[in-house]
Amino acid sequence: MGSMIIDLRSDTVTRPSPGMRRVMAEAEVGDDVYGEDPTVNLLQRRVAGLLGKEDALFVTSGTMGNQLSIKVHTQAGDEIIVEGDAHVFQYETGGAAFLSAVQVHTVHGTRGILTPETVRGAIRPEIYYMPRTRVVCLENTHNRAGGTIYPLEVIRQIADVAGEHKLRMHLDGARLWNASAATGIAPAVYAGFFDSVSVCLSKGLGAPVGSVVAGTREFIDAARHYRKIFGGGMRQAGILAAAGLYALDHNVERLTEDHQNARILADAVAALPGCAVDPASVQTNIVIADITGTGRTAAQVIEKLKERGVLIGDAGSMRIRFVTHLDVSEAQVRAAAGIVREVFAQMT
Ligand code: TLP
């Protein structure tokens, strides 16, 4: 019955395709802790090029990419500015405090997007009894805001403010590929405003494991050091890097299909009584609906849909989340929308 399940919990649930598995099986490998895995080196060069950076480092996860970047950019007791719904703040298990001993200064954005004014307002004056602001971290696309895209002009203005105060800019670009697919703005153009960028291969691109962090050579040297400390030094990781290269070759352009499917879902969910979907937030492959009006919690709705073979996630106790990806077809998305409609009709 496994084939009946439509899994919209996340774009992380994708499984490597036969073609991807083939290149993994055939990958040339070496010991990457010695820097000798040719496939890892190839992937790192490829992503550095795509992001317009000097160098890049293959890491185990998006979380590791973000946490390494924070570690490199900060000293204990420093402060980093992040949006209040950012992954770094919400879903990385307090990693910034645990690993870097920094304080997270959250700023509320609109649909996850900060303004230069709010960032400026969060920067501490240079007074010895205050924490030192060191980093501004942005997320593009913004997961918990529903996959929203950072307007390039806003990034530019925030980078200007950061520059005035000599702050580092870090981009959580787990889904930067989605932003680029939707806007046509190249990843390197977005990345140009940041000192460090973390991108994921294991989300919409469909690789089983892996992220890449990119920046200057000096930044990557430091990140490599901390990656080893964090336990992320891998050996014959070329079999994973090969999946990443395959994903970059085959699964980037098709992301717009996921975006179209998300739109189909968003329209279906928005029409349900008690469900609110902000249409302006549906820009890529994520749909978040506020279900407060249904009188049910996200956990209850998730359970009911699971009984019917549709798996979804939450983004807070009263918000449900659907994520489209390469392992769900348009037909499956339409089928899921139909099941969602029936389940909601039964609940009210
Ligand atoms: N996001 C996951 C969950 O952790 C919520 C998901 O299902 O969406 N940055 C962003 C913007 C992310 O959405 C994620 C994963 C990460 C970083 C972390 O990546 P991993 O899971 O590889 O550590």
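The values are calculated or read from the model by the stated rules, or taken from the named source; none is laboratory data. What you see is a predicted model; the values in this text were computed from it and never measured. Every residue, glycine as well, gets a Cβ built from its backbone with ideal geometry; the counts of neighbours run over all protein chains shown. Areas reflect the complete protein model, heavy atoms only, side chains present, ligands, DNA and RNA absent. Shrake-Rupley method; radii C 1.70, N 1.55, O 1.52, S 1.80 Å.
Computed values, structure above
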| quantity | calculated |
| --- | --- |
| Boolean, Gly94 is modelled with pLDDT of 95 or more and farther than 17 Å from Gly163 by Cβ | yes |
| Condition met for Val301 (under 27 Å from Asn178 (Cα atoms) and among the aliphatic types (A, V, I, L, M)) | no |
| Matching entry among Ala280, Ala315, Ala276 (being open to solvent by less than 10 Å² (accessible area, probe 1.4 Å), within 19 Å of Ala145 (Cβ to Cβ) and not assigned by TED's automatic domain parsing to the domain that holds Thr141) | Ala315 |
| Which listed residue, of Ala179, Ala159, Ala174, is modelled with pLDDT of 95 or more, away from the ligand (no atom under 16 Å from the Cβ) and of a type in the set (Gly, Ala, Ser) | Ala159 |
| Candidate set: the range 137-156, residues that are within 16 Å of the ligand (Cβ to nearest atom) and of a type in the set (A, V, I, L, M); chosen: the one nearest to Gly77 (Cα to Cα) | Leu138 |
| Test: residue in the range 217-238 that is buried (at least 24 other Cβ atoms within 10 Å of the Cβ), hydrophobic (A, V, I, L, M, F, W, C) and in a helix (DSSP H, G or I) | yes |
| Phe58 vs. criteria within 16 Å of the ligand (Cβ to nearest atom), aromatic (Phe, Trp, Tyr) and open to solvent by 60 Å² or more (accessible area, probe 1.4 Å) | no |
| Selected residue [within 16 Å of the ligand (Cβ to nearest atom) and open to solvent by 30 Å² or more (accessible area, probe 1.4 Å)] from Thr14, Thr63 | Thr63 |
| In the range 73-90, residue nearest to the ligand (Cβ to nearest atom) [restricted to those that are open to solvent by 40 Å² or more (accessible area, probe 1.4 Å) and out of contact with any Asp or Glu (no Cβ under 9 Å at 6 or more places or on another chain)] | Gln90 |
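Condition check ((1) on the phi < 0 side of the Ramachandran plot; (2) touching a strand residue (DSSP E or B) at 6+ places or on another chain (Cβ under 7 Å)) across all residues:
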position: Cys275; (1), (2): yes, yes
position: Asp278; (1), (2): yes, no
position: Val282; (1), (2): yes, no
position: Ile286; (1), (2): yes, yes
position: Ile291; (1), (2): yes, yes
position: Gly309; (1), (2): no, yes
position: Val323; (1), (2): yes, yes
position: Ala335; (1), (2): yes, yes
position: Gln346; (1), (2): yes, no
